[in-house]
Structure formats: C-alpha cells, structure tokens
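First up is the structure itself, then whatever we jot down about it.
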Amino acid sequence: ECGNCIELRGLGQASKVTDNLIGAGFRGYSIYAENHGGLLIAANNVFPRGGSSIHLEGVTRSSVTGNRLHSFYPGMVVLAAGSSENLIGSNHFLRDHEPWTPFLDVNNGRDDVDGLLCVSGSNNSIIGNHFSEVVDSARVRPPGATPVVIRLVSGGDNYVCANHVVALDVRSTSG
C-alpha cells in the first residue's frame, strides 16, 4: 500500500511514460522521475491514492501533457529540486475526498495549502489545464485553511496561463 508504480531513478533522457492506467499506494508515487531531460509523460489515467500522481525531482525540458489525474490528496503533481523548463499542459486534475470508510483517516502527509500542483523550479509553463477541487471545507488540512490549486514555492520566470479552476465545497459521505 505504500509502494511506487513507475520509478525513473538516477538520471535519463528522452524517455516516455504513456498510455498507463496506474495508481500507487498512500505514500508512494504513481510516476516518479529524477534528473531526467526530455521526459514525456502523456495520456495516462492515474488513480487516486498515490502520495503524488507525478513527482519530478530535478527534471528539465520535459512534458506532462494530456493526462487524467485523480487524487484524494494535495500534491498531485510536484516539480521539485529545481525542475526547470518543463511544460505542464492540457491535463485534467481532479481532487476530491476518499469515499471508502477504511481509508478515511489516511493521507499523504501534505496540507491543502501545498497545492494540487507544487512548483520548485524556474522557466516552467503551466498552460491550459483543468483543475477540479471538490472538497469538504470541514476536512481541509490544516483546519480553516484555504486550499491552494497552483503553488509556486521557489524559482522564477514560471508561466501560468489559461488554466481553468473549479473549486467546490461539498459535504462528503463514505460508502
């Protein structure tokens, strides 16, 4: 329940992760890459429970496009460790709450203020994504905080344009 699905460790270039139906455990990454250049992550359907749907660590000049990402936690896509010159475009992000009773108290350790998309890097383009954040305000972490959709943590010259955000407060139930 805490493993990763796809790991690209060390370094690499001109790799691709495409056309997958995947979802990691609570703390794992569905797609994880470090120190890659020219990575293409496209046309994947990522299921909800991974600690991050896509986590890029020191990744440059790569594309994350046309994916459907569903998560029960913030931190769906994370660009970390100076990830730069990446395109995050035309993805569908859906964040809602866990509906299954045995997993209601499980989370990935991130607060809602961390963002659905969290960027620590420069010269990235975040263009034309659709974000649906459908959460119960009574279950936001930390209590009383306002959830963040796109969080620019560090870096500069990031381009954020033409994204659509649907943010709804709903009362969730379990099943």
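Could you please find all residues in segment 19-39 being without any contact (Cβ under 8 Å) to a residue 60 or more places away in the chain, farther than 19 Å from Ser120 by Cα and open to solvent by 40 Å² or more (accessible area, probe 1.4 Å)?
Hits for segment 19-39 are Asp19, Asn20, Leu21.
Looking at this structure, is Ala80 open to solvent by 70 Å² or more (accessible area, probe 1.4 Å) and small (Gly, Ala, Ser)? It would help to see each step written out before you state the result.
Working: open to solvent by 70 Å² or more (accessible area, probe 1.4 Å): no; small (Gly, Ala, Ser): yes.
Criteria not met by Ala80.
Report whether or not Asn45 is of a type outside the set (Val, Ile, Thr) and farther than 23 Å from Phe26 by Cα.
No, not satisfied.
Inspect segment 17-32 for any residue being touching a Gly at 6+ places or on another chain (Cβ under 8 Å), within 20 Å of His164 (Cβ to Cβ) and polar (S, T, N, Q) and give the result as yes or no.
Checked segment 17-32: no residue is touching a Gly at 6+ places or on another chain (Cβ under 8 Å), within 20 Å of His164 (Cβ to Cβ) and polar (S, T, N, Q).
The values are calculated or read from the model by the stated rules, or taken from the named source; none is laboratory data. Treat the numbers as computed from the prediction; the structure is a model and nothing was measured. So basically every Cβ, Gly included, is an ideal-geometry build from the backbone, and we count neighbours across all protein chains shown. SASA here: full protein model, heavy atoms, side chains in, ligands and nucleic acids out. Shrake-Rupley method; radii C 1.70, N 1.55, O 1.52, S 1.80 Å.
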